[in-house]
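Engineer: Handing you a structure now.
The values are calculated or read from the model by the stated rules, or taken from the named source; none is laboratory data. None of the values given here were measured: they were computed from a predicted structure. Positions of Cβ are backbone-derived with ideal geometry, glycine not excepted, and every protein chain shown enters the neighbour counts. When the accessible area is computed, the model is the full protein with side chains, heavy atoms only, and any ligands, DNA or RNA have been set aside. Shrake-Rupley method; radii C 1.70, N 1.55, O 1.52, S 1.80 Å.
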Amino acid sequence: MAKEFAFTYEEKQKLAGQTAEILVDEIGLKGDAVQAVMLTPDVDEGRISIDEVEQQYGASVASILRGIDRIRQLYEKNPSVESENFRNLLLSFAEDMRVILIMIADRVNLMRQIRDTDNVEARTEVSQEAAYLYAPLAHKLGLYKLKSELEDLSLKYLEHDAYYHIREKLSATKSARDAYIERFIKPVEEKVKAAGIRCHIKGRTKSIHSIWQKMKKQKCPFEGVYDLFAIRIIIDCPEDQEKMQCWQAYSIVTDMYQPNPKRLRDWLSVPKSNGYESLHITVLGPEQKWVEVQIRTERMDEIAERGVAAHWRYKGVKGDAGVDEWLANIRTMLEHSSSNPSSPGGKLEGADLMDQFKMDLYEDEVFVFTPRGDLLKFPVGATVLDFAYHIHSKVGNQCTGGRINGRVVPIRQELKSGDQVEILTSANQKPRQEWLKIVKTSRAKSKIRLALKETQVKEGLFAKEMLERKFKNRKLEMEEGTMFHVIKKMGFKEVSDFYKQVAEGVLDTNDVIEKYIELKDGEKVPTGDNVARSASEFELDKSQISNLSPQVSDDVLIIDRNLKGIDYQLARCCSPIYGDQVFGFVTISGGIKIHRCDCPNAPELRRRYGYRIVKAKWSGKGASQYSITLRVIGNDDIGIVNNLTSIISKDEKLILRSINIDSHDGLFSGNLEVMIDDTTRLEALIKKLRTVKGVKQVVRI
């Protein structure tokens, strides 16, 4: 499953055996699923085909192997695994749920084995996938132990220092924490049982990953995370007495310890939408420490732990209701598969039952790939034109068709799940009214309407400017009032319709001018200045050349797959200039911001929004100058600042926009904002500034 590492056949066999153990011991799968895992190395090496597997081991084992192969093909498209869409597509591609469970077990095993690998880049990629893809999948399935292990190992490999810092802190405080939990639980248990309530109480320490997330969210050190553990009171009582006994236990706890009323969560009176029922309260325990206490019954705990509720919504793991309901059924089936007396020995394996389960989700959605492997979701019936407008308004406006899986198709071609779509454009293409009937998404419809309106306005302005130039050429002044009468006399109810026909060439501008003259001057005999001049007598006013010639703007950047002319902005956080290594980021509004690859925000953008990253490169040097800021630190010597500014002012192609200097303890530090052409000139400038006597550091920020 891990294409990032190159394993020998023997290593693959060993890994397969370890994965099979996880499937049996920690997930509860046996039979065909284990057989399929053990055969995977032989299928990979071509020692046996899937058809031969079907003949020798049965259709079920072969079906699982085909599912694994299909998932691998999906991986080859190199999608952004951070995307919720990709998780959903994996589920819809794997009709047999055992394939997903095998994938989770395989990734857990791989994460355990790659601790000492020299291939740091591959380990990082595998760990990122474990965090963004496999941990949420395990969480949805109720495999909490494996989910926590995946998150902790990912943190260990991706943020080594943070992981070991927390682990050492937990180890150092374990005995004290265990003793504290014991001190908290013992008197509570005595009082609750004395009240006639049967229960057991346990404490659990939160995972390292969970603690790290709290430290980041609350912006505090380890010592600032007060809820390192939670106490759970689980009551054994009849269903009709559940609420009464839970509130009775709540009353006992809050009588013993001061509660924080703002931290009360009552999911007994009104259960959560996913069926979760429990009472949560935070109390001030011994030594003035805040402790979270969860009160529930055996039935409530079973539902929560089983995966039907699974805390997935409570913990912020979002997904579609259809997925969650289906996964809950699978989880229930796995857990209760051993109690069917009709099977041999009174048991029926989950693997046998699972043959009856096939995915039937997303009947209203299709998932398609961009050429670079990003995954996008559309409603059923969406077309190539919908896809084009999803990429960018300009791409949609200039769309002439597309390529689906390498085959050229028209703009009205409907999309299907798994398609790889590439858009074909032409600078001569313009949006049309009939496009509104082709697209399915409201986003595309609104963009088409906006483009049609803008086109109409542009054509109207163009036609009006063209008429005004024609009037000037004939030494005429175009009066708005008279022109309005001309338009009405020519039978137009809307001025926009008139100018549209002028722009399209339906109306001859000379005819319009003649009608204007006729209306303005009536039947007057033309004499003197009133005589219309012939074209041969006209001399072009050179001051009008800029109006007659459309300005051509250089395409300085190429976005994504050789797309030019796309609107973009340079990000202010890193101020990229010509020559920098850059990438594009698609913003919420649909625009593109260009960041330097070494932008301080780049790692977070790639981690959280990898599916919105597009490639970008400089295609040619335009006439633009770019704003950059240099941080200069040096000795606070007399004249040193003048020497710095002198270097900039002597270069005609450099402009100093601002300077901000602070002096302290014999040192100065300051920011110089400079307008500059490209990185070559920037490097030369930095080199010159560093030669100034007393300068200690010059860096770009």
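Engineer: Which members of segment 34-49 meet the condition of being among the acidic types (D, E) and either assigned to a helix (DSSP H, G or I) or open to solvent by less than 40 Å² (accessible area, probe 1.4 Å) (or both)?
Structural biologist: D42, D44
Engineer: Can you spot a residue in segment 527-543 that is at pLDDT 70 or above and not aromatic (F, W, Y)?
Structural biologist: Among the residues of segment 527-543, not one is at pLDDT 70 or above and not aromatic (F, W, Y), which makes the answer no.
Engineer: When segment 565-613 is examined, which residues are found to be within 24 Å of Y132 (Cα to Cα), touching a strand residue (DSSP E or B) at 6+ places or on another chain (Cβ under 9 Å) and open to solvent by less than 40 Å² (accessible area, probe 1.4 Å)?
Structural biologist: F583, G584, F585, V586, T587, H595, C599, A602, L605, I613
Engineer: If A195 satisfies all but one of (1) at pLDDT 90 or above; (2) closer than 30 Å to R115 by Cβ, what's the number of the condition it fails?
Structural biologist: Answer for A195: the failing condition is (2).
Engineer: Going by the structure shown, is S619 at pLDDT below 80 and surrounded by 13 or more Cβ atoms within 10 Å (Cβ to Cβ)?
Structural biologist: Here the answer is yes, as S619 does meet what is asked.
Engineer: Exactly one of these conditions fails for Y626: (1) within 18 Å of K688 (Cα to Cα); (2) in contact with a strand residue (DSSP E or B) (Cβ under 8 Å, 6 or more places away or on another chain). Give me its number.
Structural biologist: Unmet for Y626, out of (1) within 18 Å of K688 (Cα to Cα); (2) in contact with a strand residue (DSSP E or B) (Cβ under 8 Å, 6 or more places away or on another chain): (1).
Engineer: Name the residues in segment 233-266 that are free of Cβ contacts under 8 Å to residues at least 40 places away in the same chain and among the charged types (D, E, K, R), would you?
Structural biologist: If the condition is that a residue be free of Cβ contacts under 8 Å to residues at least 40 places away in the same chain and among the charged types (D, E, K, R), then D240, K243, D255, K262, R263, R265, D266 are the ones that fit.
Engineer: What pairs come out if I take residues in segment 597-613 that are closer than 14 Å to V586 by Cα and pair them with residues that are in a helix (DSSP H, G or I) and of a type in the set (S, T, N, Q) whose C-beta lies under 8 Å away, six or more apart or interchain?
Structural biologist: Cβ pairs passing all conditions: Y611/N85.
Engineer: Determine, yes or no, whether R681 is under 39 Å from the mean Cα position of the chain (by Cα), open to solvent by 20 Å² or more (accessible area, probe 1.4 Å), within 24 Å of L557 (Cα to Cα) and of a type in the set (K, R).
Structural biologist: So R681 passes the test.
Engineer: Which ones in segment 286-300 are under 11 Å from D227 (Cβ atoms) and either touching a strand residue (DSSP E or B) at 6+ places or on another chain (Cβ under 6 Å) or of a type in the set (V, I, T) (or both)?
Structural biologist: W290, V291, E292, V293
Engineer: A follow-up question, please. Looking only at segment 159-192, count how many residues are open to solvent by 60 Å² or more (accessible area, probe 1.4 Å) and closer than 16 Å to V293 by Cβ.
Structural biologist: 5
Engineer: Inspect all residues belonging to segment 487-494 and state whether any of them is touching a residue at least 24 places away in the same chain (Cβ under 8 Å) and within 30 Å of K377 (Cα to Cα).
Structural biologist: no
Engineer: Out of all the residues in segment 630-670, which are open to solvent by 40 Å² or more (accessible area, probe 1.4 Å), touching a residue at least 40 places away in the same chain (Cβ under 8 Å) and part of a strand (DSSP E or B)?
Structural biologist: Result: R631, I633, N635.
Engineer: So, in segment 660-691, of the ones that are out of contact with any helix residue (DSSP H, G or I) (no Cβ under 7 Å at 6 or more places or on another chain) and of a type in the set (V, I, T), which residue ends up nearest to P576 (Cα to Cα)?
Structural biologist: T679
Engineer: Among the residues of segment 425-472, what is the count of those that are aliphatic (A, V, I, L, M), touching a Phe, Trp or Tyr at 6+ places or on another chain (Cβ under 9 Å) and free of Cβ contacts under 8 Å to residues at least 40 places away in the same chain?
Structural biologist: Total meeting the criteria: 2.
Engineer: On to the next question. Looking at the structure I just gave you, is I423 part of a helix (DSSP H, G or I), of a type outside the set (G, A, S) and either farther than 26 Å from D508 by Cα or at pLDDT 90 or above (or both)?
Structural biologist: For I423, the condition - part of a helix (DSSP H, G or I), of a type outside the set (G, A, S) and either farther than 26 Å from D508 by Cα or at pLDDT 90 or above (or both) - is not met.
Engineer: S496 is checked against (1) in a helix (DSSP H, G or I); (2) over 23 Å from N397 (Cα atoms); (3) hydroxyl-bearing (S, T, Y) and fails just one. What number does that condition carry?
Structural biologist: (2)
Engineer: Only one of L385, L376 is open to solvent by 10 Å² or more (accessible area, probe 1.4 Å), in contact (Cβ under 8 Å) with a residue 12 or more places away in the chain and aliphatic (A, V, I, L, M). Can you tell me which?
Structural biologist: Within the list L385, L376, the selection yields L376.
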